[in-house]
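Structure first, commentary second.
Every number in this text was worked out from the coordinates using simple rules, so none of it is lab data. Computed from a prediction, not measured in an experiment: that's the story for all the values here. Glycine gets a Cβ as well: all are built from the backbone with ideal geometry, and neighbour counts include every protein chain shown.
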Amino acid sequence: MQYALLIYGDEKVWEARTDAEQQENEARHRRFMKILLERDAMRGGAELTASATATTVRDSGGGVTVTDGPFAEAGEQLGGFYLVEAADLDEAIALAKELPEGTIEVRPVVPPRG
């Protein structure tokens, strides 16, 4: 089964990291990706640009509106994700624990219908 590992964090904290801290974090992600590749669990993923670059498209029933910025203001922003293959939720959680970030949302992916 596939799971999305959604990585949340405070963008202001990320932006305040030194070059050395950013490089160490990138190295930790490379190690995580190596774990996924060794287990044949990597299905996709990407780092996202800052939430200020987001555009929200909302259908309110009376029409569609397009606004600059993220859907909601929050203390933590979605910064990236991994799409992984895991036998079950416990295995997906075990993988999420290997990530160098503080807040990871683990969510099952709905398989294609039909």
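For region 44-114, applying the loop criterion from DSSP together with a ceiling of 13 other beta carbons within 10 Å to the trypsin sites (Lys or Arg not before Pro) yields 97, 113. Taking the helices alone, the chain has a mean residue ellipticity at 222 nm of -9000 deg cm²/dmol, built from -39,500 (n - 2.57) per DSSP H run of at least 4 residues and averaged over all its residues.
Applying 1/(1 + (r/R0)^6) with R0 = 25 Å to the Cβ-Cβ distance of residue 15 and residue 43 gives a FRET efficiency near 0.30.
From largest to smallest, the equivalent ellipsoid semi-axes obtained for region 1-63 from the alpha-carbon gyration tensor read 28, 22, 7 Å.
Note on residue 54 and residue 25: the extension gain reaches 8.1 nm, defined as 0.36 nm multiplied by sequence separation minus the Cα-Cα distance.
What range in the chain is the longest one free of GluC sites (Glu not before Pro) that are in a loop by DSSP and have at most 16 other Cβ atoms within 10 angstrom? The reported range is 1-72.
Highest GNM mean-square fluctuation, the chain, Cα pairs closer than 10 Å: which of 62, 79, 44? Fluctuation is largest for 62.
With viscosity set to 1.306 mPa s and temperature to 10 °C, compute the Stokes-Einstein D of the chain, Rh being the Kirkwood radius across alpha carbon pairs; µm²/s, no decimals.
101
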